[in-house]
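What follows is a set of notes on a single structure, which appears directly below.
The values are calculated or read from the model by the stated rules, or taken from the named source; none is laboratory data. These numbers were taken from a predicted model, which means no experiment stands behind them. Because the Cβ atoms are built from the backbone with ideal geometry, glycine has one as well, and the counts that use them run over all protein chains shown. All accessible areas refer to the heavy atoms of the entire protein, side chains included, with ligands and DNA or RNA removed. Shrake-Rupley method; radii C 1.70, N 1.55, O 1.52, S 1.80 Å.
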Amino acid sequence: MPVVEFMRAVIANKALTVHGQVIAAGATHVLLQGDRLHPSQRGCAVLALSILDVFLAGRPGLDASAVRWDPAEVLREVGHF
């Protein structure tokens, strides 16, 4: 799991790519809370998708097309719990 890469990118406000989707440089700072240590809600969604992307990449028999790869959509769905 690329947690170190995730944290380095968002702390430096650099671009981040998850499952082929790019979050542009200058836009990743919102993935952290104000303490610059803990992920924001959106950051949690992006981090979860990053973990899932790495997990699925190592398991070619699993279907990645069933995953909702848009962090905003993930947040909307989680809000329904």
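Counting Lys +1, Arg +1, Asp -1, Glu -1, what net charge surrounds residue 18 among other residues with beta carbon under 14 Å of its beta carbon? Display every interim value, and only then the final one.
Working: positive: 14, 42, 68; negative: 5, 53, 70, 73.
With Lys, Arg at +1 and Asp, Glu at -1, the neighbours total -1.
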Need the full-extension length gain, residue 25 to residue 73, defined as separation in residues times 0.36 nm minus the C-alpha distance. One decimal, nm.
15.2 nm
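When ligands, DNA and RNA are left out and all protein chains stay put, how many square angstrom of accessible area per residue does the chain have with a 1.4 Å probe?
On the way: 5240 Å² over 81 residues.
Result: 65 Å² of accessible area for each residue.
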Between residue 12 and residue 54, what length comes free when the chain is fully extended (0.36 nm per residue of separation minus the Cα-Cα distance, one decimal in nm)?
12.9 nm
